[in-house]
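Derivation of every value follows stated rules applied to the coordinates shown; laboratory data play no part. Quick caveat, the model's predicted, so the values are computed rather than measured.
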């Protein structure tokens with residue numbers, strides 16, 4: 001296998017360990033899904049390490065979100081763009097291992113105590129945290145086109161569709177892809 005496929009192009013074992021441990025830590029903060037940790041992924045991958053630029057980072061997420069499959073696929077695409085297959089392994093195992101383990105343990109525990117006042121209060125209190133993390137993610141993802149007035153119109157339409165209708169989230173994604181393909185957001 002070549003160096004690009006293995007993900008050894010310019011990244012040291014310490015870099016892969018840093019990617020793994022950072023995604024491991026972020027996994028425990030992913031209330032509402034991995035997408036809520038995008039701002040901190042961006043900080044490490046774009047701002048601190050320079051492994052990707054803003055455009056490549058945003059494109060990685062957009063590509064994965066447009067593809068069928070689980071929401072967490074964007075972690076694999078980012079990992080691949082950073083370090084090939086080794087980057088995919090570091091990012092995905094780091095992202096999935098702790099959250100999956102915790103989810104299995106907590107769901108079994110919570111199911112046995114679902115009528116408990118504490119469990120109901122805890123799950124109700126997570127809603128505003130999730131909304132705040134999603135707002136931070138939206139802010140980061142709109143950075144490349146934030147100065148364009150059409151971007152804000154697209155954000156408003158997306159919010160309306162998501163909050164006011166039962167339409168699939170694929171429609172606003174398709175609208176954004178079409179606007180980008182037509183050069184309306186560039």
Exercise for review: Evaluate the Kirkwood expression for the hydrodynamic radius of the chain, namely the inverse of the mean inverse distance over all pairs of different C-alpha atoms, and round to one decimal in Å.
Suggested key: 18.0
Study note, to complete from the structure: Convex hull around the C-alpha positions of region 11-60: the volume in Å³ per residue is 71
Check your understanding: If you take the Cα Rg of region 142-186 and divide it by 2.2 N^0.38 Å, with N the number of residues, what do you get?
Key -> 1.12
Exercise for review: Note the full-extension length gain between residue 168 and residue 130 as 0.36 nm times their separation in residues minus their Cα-Cα distance, in nm to one decimal.
Suggested key: 11.7 nm
